[in-house]
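Presented below is the structure to which this report refers.
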Amino acid sequence: MEMSWIVPLFVGISLLGAFLVSLLGRKIKLLPDILGNLTVLALLCLSVLAVYVVADKGVVVYNVGNWRIPLGITLVLDGLTSFMLVTVNLVAFFIALYAVNYMKKFTSKDKFYTLFLLMLAGMNGVIITGDIFNLFVFLEIASVASYALVAFGTERHELEAAFKYAVMSTVGSLFILLGIVFLYSYTSTLNMADMASILADKGASNLVLMVSALFLMGFGLKAALVPFHAWLPDAHSSAPAPISAMLSGVLIKSLGVYTLCRLFYNVIGISSSLSSILMVLGTLSMVIGVFLAIGQWDLKRLLAYHSISQIGYVILGIGLGTPLGIAGGLFHLFNHSVFKSLLFLNSGAVEYATGTRDLKRMGGLAQKMPVTSATALTASMSIAGIPPFSGFWSKLIIIIAAVQANRYGYALWAVIASILTLASFMKVMKYAFFGQLKEKWSQVKEVPLCMKISMSMLALICLGGGLLFLPAVKEVFLDKAVRVLLEGTRYSQVILGG
Amino acid sequence: MIIYFLCLVLFCIGLYCILRKRNIIKIIVGIIIAEYAVNLLFILVAYRKNGRSPILSPDTEIINMVDPLPQALVLTSIVIGLAVTSLLVVIAMRIYEKYGTFDITKIRELKG
């Protein structure tokens, strides 16, 4: 257990970064940029290291303050954790790089980076923690930082969206806390592994069903599954572009999808009724999200509705419960966080250059903004599922998994939603980037260097995303995560034994 | 049993307030009420009848004690609630500056 020291660093480094930026950022002009980016770079390196540690040593458990396992807070590093850490920190790194140029138009960059790093600390904390109340605390840290970031511009729309988002998300948190209270009263423990073993001993009860319903509402609200999605289009389209990318790219996944998987698979234990609820909710989000998206004319709003739809694919894949389904779901989760954040960064670049988000007012921007339009094309093909881009492979795997599990209806809906996604992104490309250049955009310039670098790198990952399913990479990165979910409640033996 | 029921009623009052009120400040108050109901439930879960405080001393024997852990957790959750509430109030103040009203039916520029 020598490597266990890296586990608390994921929260520690980001909190330290946030503290230093807020302390020194106002005095030294360049410091927020440098410190913010260095912090996220360190986190990215650490999360790649974490993948190797997990491949080498298996599960790593860190006991905070050296308390024995059911007593203190435990931090757990296993396959799913390292997978999520890489996803979150990779996307966060490129977004932080992009923000160097983009956030210039806002006055207080130090506050931006402070909140950004706090949000990152919350997300990393949710991912690594093995204690259910600690999970709630980190979830709230990330959520509160994200409310403030949505309202960052303090204009009419930002404030309205932030208020709506904060109220709905707080209600979701209340349901989660209520679920935790009931679980604690039933099991008298907060450690997730211990809780899983006690729940397995006690067997099924109505209370566990109620807790499942509460968690489904709470985390479903954080993940923006369809009956609980109303806040997402407003919040994600009103925030500054790097924050929209962060919210759509990783926040809804780490606070919503990851926690749902972890609690339902590893703590409560998945049942057939629970997995069919997940599949139905996933399919509903997938179809309704894309139908709502296709009629939008505001670029960021359109992208936000697509987030709902793509989260549906992830939940459908994970809800199938077969090894291939879970692999497809997690693979799509990774791909979606890359291409959706890229698309939001593209929309930010367009807004940066032209000052508008309305698709009807754009046109022919490909001539003036070659990098933005090329990367947007890559991301659009990826989200629409055109081979050989990454989105194609993950959607294909989810659809194959649905067919293998004899769920033809779900597979059909997945195909239909994919076609509609293609249609709506053809609309985006046609109206925004191709066609005749409008007169008023003749003076438009390509965006600055950092934004270009970050968008091009993300586009490269989209292009090479399919390589993740090569056996050598898949074995280390994806299969370990899938195995954690397939193990189900045996999770407790792994943690308590180790 | 009745006290748990009253706790549920309190939570429902909070939810009703959040869902049905038009004034932003009343919505925030609703959130606070619902939050307190959950905190209260957490404390009630830990309560034992005739329980005493769990402080170990050499000459006493503890037979029936109140569970101390939820009290620590509720403190944390109250602090989180404070942060959320203050942020919401600040956003409400800014909304009033921009829109000149607290009525959510008049603050509806985002839709679609």
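Treating the angle as unsigned and between 0 and 90°, give the value, to the nearest 10°, between the Cα long axis of helix A:471-487 and the longest Cα principal axis of chain A.
50
I'd like the mean, over residues of B:79-88, of how many other protein chain beta carbons sit within 10 Å of each residue's own Cβ.
Partner Cβ neighbours, averaged per residue: 5.
Taking the alpha carbon gyration tensor of the stretch A:181-339, what are the square roots of 5 times its eigenvalues, largest first, to the nearest whole Å?
Taking √(5λ) for each eigenvalue gives 30, 16, 14 Å, largest first.
Scan around A:Asp131 for amide H atoms under 5 Å from its own, H built in the peptide plane at 1.01 Å from N, and keep only partners 5 or more places away or cross-chain.
For A:Asp131, whose amide H was placed from the backbone, the distant partners under 5 Å are A:Thr74, A:Met192.
Where does each of A:Met279, A:Met3 land when they are ranked from fewest to most other beta-carbon atoms within 10 angstrom?
Taking fewest neighbouring Cβ atoms as first place, the list is A:Met3, A:Met279.
To one decimal place, what Kirkwood hydrodynamic radius in Å is obtained for the stretch A:28-91 from all pairs of distinct Cα atoms?
Every distinct Cα pair counted, the radius reaches 13.3 Å.
Taking the Cα atoms of the stretch A:91-173 alone, what are Rg (to one decimal) and Dmax (as a whole number) in Å?
Cα radius of gyration and Dmax of the stretch A:91-173 are 13.7, 40 Å respectively.
Going down the table (A:Lys300/A:Lys438; A:Lys104/A:Lys368; A:Lys105/A:Lys438; A:Lys340/A:Lys452; A:Lys164/A:Lys395; A:Lys222/A:Lys340), which pairs top 28 Å between alpha carbons?
In this structure, A:Lys164/A:Lys395 lie more than 28 Å apart at Cα.
Restricting attention to the alpha-carbon atoms of chain B, what are Rg (one decimal) and Dmax (integer), both in Å?
So, for chain B, Rg and Dmax equal 19.7, 69 Å respectively.
List the chymotrypsin sites (Phe, Trp or Tyr not before Pro) within the stretch A:1-93 that DSSP assigns to loop and that have no more than 16 neighbouring Cβ atoms inside 10 Å.
Counting only loop positions with at most 16 other Cβ atoms within 10 Å, the chymotrypsin sites (Phe, Trp or Tyr not before Pro) in the stretch A:1-93 are A:Trp67.
Can you give the average number of partner chain beta-carbon atoms within 10 Å of each beta-carbon in peptide A:167-177, as a whole number?
6
What is the angle, in °, between the Cα long axis of helix A:132-150 and the longest principal axis of the Cα atoms in chain A? Nearest 10 is fine, range 0 to 90.
10
Going by how many other beta carbons lie within 10 Å of each one, how would you line up A:Glu140, B:Glu109, fewest first?
By the 10 Å Cβ count, ascending, the order reads B:Glu109, A:Glu140.
State, to one decimal in nm², a quarter of the convex hull surface area for the C-alpha atoms of the stretch A:297-385, i.e. the direction-averaged projected area.
Dividing the Cα hull surface by four gives the mean projection, 5.6 nm².
Which order do A:Leu281, A:Leu183 fall in if you start with the one that has the fewest other Cβ atoms within 10 Å?
The order, fewest Cβ neighbours first, is A:Leu281, A:Leu183.
Could you work out the relative contact order of the stretch A:2-497, using alpha carbon pairs under 8 angstrom and six or more residues apart, expressed as a whole percent?
17
What's the center-to-center distance, using Cα atoms, between the stretch A:31-78 and the stretch A:450-494 in Å?
Rounded to whole Å, the Cα centres lie 17 Å apart.
Scaled to the compact-protein estimate 2.2 N^0.38 Å, what is the alpha-carbon radius of gyration of the protein assembly as shown, rounded to two decimal places?
0.94
When the helices in chain B are scored as -39500 (n - 2.57) per DSSP H run of 4 or longer and the sum is shared across all residues, what 222 nm value do you end up with, to the nearest 500 deg cm²/dmol?
Counting only the DSSP helices, I get -23000 deg cm²/dmol.
Mind jotting down the three principal axis lengths of the stretch A:258-342 based on Cα atoms? Whole angstrom, largest first.
Projected onto the principal axes, the Cα atoms of the stretch A:258-342 cover 42, 23, 20 Å.
Add -39500 (n - 2.57) for each DSSP H run of 4 or more in chain A, then divide by its residues: what number comes out at 222 nm, to the nearest 500 deg cm²/dmol?
-24500 deg cm²/dmol
Using only the alpha-carbon atoms, how far is helix A:408-428 inclined from the longest principal axis of chain A? Give it as 0 to 90 degrees, nearest 10.
Helix A:408-428 and the main axis of chain A meet at about 30 degrees.
Only the coordinates and a few stated rules stand behind these numbers; no lab work does. This one's a predicted model, so the numbers in the text were calculated from it and none came from an experiment. Neighbour counts are summed over all protein chains in view; Cβ atoms, including those assigned to glycine, are modelled from backbone coordinates with ideal geometry.
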